[in-house]
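**Q** Below are the structure tokens for one structure; questions will follow.
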């Protein structure tokens, strides 16, 4: 079994990949892309694992890498339609929210990170994070009102 | 939390359930392993590169300045025995004079160095192109007082072409020997004959450094021959001053004062001063006095802390002489040509001293006691006990008599003229 610094590679993956995959899926709305993202992120983090002081940092590092990769790769309008519950209109509308706004929403309302923690993951200021969140919600709300009419 | 946010949270949780954990495929682990291997390889390459860079840096460090660490030297405030060397005689009959305390005199006549007959000065002055007699200059006693070094400019028609040699002689006038001929490769003036500027002894009295041909040279007194210490083709290096600990030589370059390691000739700048000339080490080697275009400066912390402060302002067009440290290193003395301040009184200089303790400089002697010729360079030299200052102010008094060498009592400011005609280059002989 492969080990890195005495740590079991497969064990690390099993331990951290599920959460990362859920995050990636919420960020992309695409299963295949989410898996690719997680694998890519995992490989990247493993490559730098020696620089991490302890395993506790692995999770945060992996999350940050997933978010950064998703923002860099995801086309803003890409939405996976197949298998989406028709009742979940909100999920569908998330597909047209800008990646960083979507990431801000996911980090705040799914990962339950504070503004400061979410800002750190996105590499922006807290003020910018609030702005992203606000604009993301506004975009969803606007679409909702348009649909309602 | 708004209704929208609540619904969004529920949507996220519901959708997250749809995400399934992919199987840990061999492909994934293979990618991770490759990535890890690449990282390791890159790390090794970086380490090797850095190691190589370090080795390269060490190898190339031979061209980088290796600055010596100067430690304070205990000044040797030796009592002098009263011997004073100077250049005496008329221009067409110059001789080196060593005046002993008991009144006896030892001399080095020009004819001991060059045998050609000397054209009388009256003829030289009226007939252009007539070869002039050779002359002495830049007298400097070795630190142990055993030998006097001087430069001799041989019989010449044009000053720029005149060969110059470095000589040494014992205090009793015996043991005259030529150490080396000054270089003229670049066609710039050979050794600088200016008093107090042209040469410097190593503290152990075994070597002499001179400025010549725009460079600094060193020579072993015993072995002779000059060895190039500095080379900076567009630069003009001058005024070498050997550090009291013997490790380096400070000198003037076009844009400031520099220091050169005696061991390998590497150079670095100590202070950027426009028109800086004549760095002079304090006896303990912790400070350097510098004559610059607009004043007299003192550089403290020659290790690199480099605090340069001006202790006296020289107003244009006044000129100042190279400052001289008292033997105990507590005072500096220099002359200021103040002719422009009182033109009716003629050309004259003031003698100034300062204690370097923050008190303002004191004018010990005020002209017109020290009339000088306009083109001459006045010099000062402390007696080894620090009580007197010999002033060389070449020129003539108001009555037309040769100025000669004046000795000033620092405490009282009283003057005493040393007879010897048109004498120059006073140099007290220290006693080891």
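What follows draws every value from the coordinates through simple rules; no lab data is involved. Worth saying up front: this structure is predicted, and the values here are computed from it rather than measured. Ideal geometry is used to build each Cβ from the backbone, glycine not excepted, and the neighbour counts take in all protein chains shown.
**Q** Can you put B:268, B:242, B:382 in order of Cβ neighbours within 10 angstrom, beginning with the fewest?
**A** Listed from fewest to most nearby Cβ atoms, that is B:268, B:382, B:242.
**Q** For residue B:41 and residue A:71, what is the calculated FRET efficiency with R₀ set at 51 Å and r taken between the beta-carbons, to the nearest 0.05?
**A** For R0 = 51 Å, the calculated efficiency reads 0.95.
**Q** While we're on this one: Taking beta carbons within 10 Å but only from partner chains, what does the mean come to for residues A:100-112?
**A** 2
**Q** Count, for each residue of A:12-24, the Cβ atoms from other chains sitting within 10 Å of its Cβ, then give me the mean as a whole number.
**A** For peptide A:12-24, the averaged partner shielding equals 3.
**Q** Shifting gears a bit: Points 7 angstrom from Cα along the Cβ direction at residue B:231 and residue B:114: gap in nanometres?
**A** Distance between label points: 3.0 nm.
**Q** How far is it, in nm, from the label point at residue B:387 to the one at residue B:362 when both lie 7 Å from their Cα along the line to the Cβ?
**A** Each label point is offset 7 Å from its Cα along the Cβ direction, giving 1.6 nm.
**Q** In what sequence do B:44, B:296, A:121 fall when counting other Cβ within 10 Å, fewest first?
**A** With the fewest neighbours first, B:44, B:296, A:121 line up as B:44, A:121, B:296.
**Q** Which order do B:133, A:71, B:118 fall in if you start with the one that has the fewest other Cβ atoms within 10 Å?
**A** With the fewest neighbours first, B:133, A:71, B:118 line up as A:71, B:118, B:133.
**Q** Continuing with the same structure: So how far apart, in nm, are the two label points at residue B:176 and residue B:146 if each is 7 Å from Cα heading toward Cβ?
**A** Between residue B:176 and residue B:146, the label points sit 2.1 nm apart.
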